[in-house]
């Protein structure tokens, strides 16, 4: 039962990241009307750096795909940690109303990392 719940959570989380990543290339999600001014300014600044948003989008798509496939799920979680850290910090500093969704995503990624902790040990052993 636990593995089925984790699969559903990873599927939903992965699809959310894939959708967000694809939007960075195709811009099909409309901007919210009540977006904080700070966040709009930051978004414009990030768009000025031509390579940044495509890189983040590519990592979101890759991480989302890896997260959905059970065999590659541990790698997907590691790929998404830096992206999710940036999302969390942006929400803390500019739009705290988005934090519940961020914490749900963090909980899913942490569950994957804890569930697969033995696979990460070779990376940190001498």
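Read the figures in this text as sums done on the coordinates, not as results from a lab. Predicted model, so just to flag it, every value in this text is computed and none were measured. Neighbour counts are summed over all protein chains in view; Cβ atoms, including those assigned to glycine, are modelled from backbone coordinates with ideal geometry.
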Answer residue from the stretch 59-94, given it is in contact (Cβ under 8 Å) with a residue 24 or more places away in the chain, surrounded by fewer than 17 Cβ atoms within 10 Å (Cβ to Cβ) and within 24 Å of residue 34 (Cα to Cα) and is farthest from the chain's Cα centre (by Cα) among those: 93
Among residues of the stretch 36-53, those that are within 13 Å of residue 86 (Cβ to Cβ) and in contact with a helix residue (DSSP H, G or I) (Cβ under 7 Å, 6 or more places away or on another chain), counted: 5
Test: residue in the stretch 106-126 that is in contact with a helix residue (DSSP H, G or I) (Cβ under 8 Å, 6 or more places away or on another chain), free of Cβ contacts under 8 Å to residues at least 40 places away in the same chain and closer than 18 Å to residue 9 by Cβ: yes
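Looking only at the stretch 1-33, filter to residues that are in a loop (DSSP other than H, G, I, E, B) and under 20 Å from the mean Cα position of the chain (by Cα); which one of those is surrounded by the fewest Cβ atoms within 10 Å (Cβ to Cβ)?
Filtering the stretch 1-33 for residues in a loop (DSSP other than H, G, I, E, B) gives 1, 27-33.
Add one more test, that the residue is under 20 Å from the mean Cα position of the chain (by Cα), and what stays is 27-32.
Working: 27: 10, 28: 8, 29: 11, 30: 6, 31: 9, 32: 10.
Of everything passing the filter in the stretch 1-33, 30 is surrounded by the fewest Cβ atoms within 10 Å (Cβ to Cβ).
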